[in-house]
1. So who's got an amide H within less than 5 Å of the one on E26, skipping anything under 5 residues away but keeping other chains? H placed 1.01 Å off N, in plane.
2. Compute the separation of the alpha-carbon centres of the range 568-638 and the range 231-245 and state it in Å as a whole number.
3. Going by Cα centres, the range 372-415 and the range 195-211 are how many Å apart?
4. Anything over 27 Å Cα to Cα? Flag those among K76/K626; K401/K446; K480/K594; K346/K421; K346/K433; K475/K541, in the order listed.
5. Please work out the Cα convex hull volume for the range 366-474 and give it in Å³ per residue.
6. How would you rank I25, I51, going from fewest to most other Cβ atoms within 10 Å of each one's own Cβ?
7. In nanometres, what is the gap between the two model label sites at D243 and T196, each 7 Å from Cα along Cα-to-Cβ?
8. Remind me, what semi-axes does the range 487-645 give for its equivalent ellipsoid, largest first in whole Å, using sqrt of 5 times each Cα gyration tensor eigenvalue?
Amino acid sequence: MHPTNLWELPLPHLLAETDHEGAWIECNDLWREYSGLSASDSLGMRWIEVIHQDDISTVQRGWRSGIAAEVPFELKMRLQRSSDSSYRWHVCHVVPLNNEQGDIPNWLASFTDIQGDKAQQENGHSSVAKLQSEREMLATSNDYLLEVLREYRETEIRLEKTTEKLNQIVETQSHLSQAEIDMTAFMQLVTEKMLTVTPATGAVIELMEGDEMVYQAASGSVHQFEGLRLNLYDSLSGLCVTDRKALISEDTANDPRVNHEACKKVGAASIVVTPLYEEGNIIGVLKILSDTPHAFDHDDLKTLEMMAGLIGSAIGRKIRLQEKEDLLMAKSLTLMQMKQEEAQRKNIEAQLKASEMRIRRIIESSHEAFIAMNACGVITDWNPKAEETFGWTATEAIGSKLSDLIIPTGLRERHEIGMRKFIATGQGIVLGKRLELLALNNKGEKIPVEITISAISAQEQWQFCAFLHDISERKQIEQKLRHLAQYDSLTSLPNRALFYDRLNQAFARSHRNNALFALMYLDIDHFKAINDTHGHGIGDKLLSAFSHRIQLIIRESDTLARLGGDEFIIIAESIGDQSDAEHIAQKILWAMKKEFQLNEVNIQVGTSIGVALLPTHAITADGLVKMADKALYSAKKAGRNTYRVYEETSPATGKPDR
């Protein structure tokens, strides 16, 4: 499984990410379904082919103007739909995707179908004010949805960065626990790791030698300065040692604490430095730097402090060990002395491995569940967050097979096959990736989690580490977003977007099964007068009660949707003939004879219904809706509170006020 991202969310919008020129970088499945272009064909400028030729120049001018202003903007255009080659009016909302530095590398475009509003405006069905109000409501809803999606992606990126940092620190601790690793290679490894877990362009380990700080290991932009010496009392590193605390210089050019000549030499525009301790004594510093000011934040400072806590004692003890080994060679110690030194070596190695407790504290306090297992799939580590997430205590979990504990039955075989393949080849397609899958808790319930897995080889044995967190709350939010995008907030009925989706599905089933279905367009007679007399609060209650009464009449397989205002539409599939549709209309008219009791107000209303049949009357979804709409106005002309079935002679103009 791949992680959910904004391109995989089932939203009723055509979405695309573009660069400043309008060339597409990514788009969602709904766009590819609508345009008929494949994923690769949609990228770049190929999507322009879908725009109506008469709209291209206007869209390009509007795009250049909107991008230059660096604020959200919108464009109107006709896009060709692949299913029937028709052109439909869309409004394109474009918002900037700012990065962490506040720049705008890319833009997010969302296309909303407004063909129905265009048709109403051209035929005079609605006032200009009503169209403008509906358009503003749609734009507000759409902009809110885009903002939530953008925040979702930014949150996902931050989580990925945090997990990656923890994985890097765990991996470094694994290397640290291997006493045979060379001291020079170890310090070089640490500086290289700092370049992967922070935005630094260079990283340095400086050790104290008298009144000087010496670059003992350096990576990135400062690797050529290994061996550089700085005065202890004339540098930020020296101040870090004397003050015994981590320091940050956001802009070295305007910071009197730094050695400006040295900063200019190594290209350090911003610096973070933290002490390296060995048994309570400072032996040096770990430092990261960048060639740009204000490159680091509080998280980078904490990452540096965690890494320094892991390596300080290791460096000091390895230095002492090396010095003693040199002394042994120089003075030709006796065999007894050699044995004593060997015992001391083992003691130092034991103390070095004890530093693993530091990483334990990081894991124990992590906001993510941490699980480790060996090559046999047996759990070897289980932190408090894992206890909270899955319900089993560490005592219950450690020693059990992971597949028996949290992996659902249907996924266990795949898990075992993946484990065996990795042990045999050293390759795993899921390693290092953020995955979304289902896991079991101690109640046997399936919960959605996000997981990142890494494999570490220590002493020729594989160990697997995973960070997980429960995303149930996020899933609930996504479900609410889908509901907001597809359902009417007042009546909880499908809205216009979801109605058209279900109508297209009904068309497909009808053609596949050669079955008849009816489309019934209806509204409340004289609804405006009711609103004017009793107020909009009573009007809203009437709309809800009206829709509820209709739902009691139609079948569960039928769809009742609210298109807006007092306009509703019914999809009645798999009917026998026209008389079945007329029977439904008659039942609705009969049901409206009973008054609605709304608070202390009793209201009796009528409804006018227009009926169109497929395949009798139309061959496209839009065509069928137009036929039902014309039949509705025929019912209005016949005196209201009645129904009419569409006929070719149904009037197209001169429609009465609803």
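Values in this text are rule-based calculations from the coordinates and carry no lab data. Fair warning: this is a prediction, and the values are worked out from it, not measured in the lab. In this analysis, Cβ positions are derived from the backbone assuming ideal geometry, glycine residues included, and neighbour counts consider all displayed protein chains.
1. E17
2. 83
3. The range 372-415 and the range 195-211 have Cα centres separated by 38 Å.
4. Those over the limit are K480/K594; K346/K421; K346/K433; K475/K541.
5. 100
6. Fewest-to-most ranking of I25, I51: I25, I51.
7. Simple spin-label model gives 3.2 nm for this pair.
8. So the equivalent ellipsoid measures 27, 16, 14 Å along its semi-axes.
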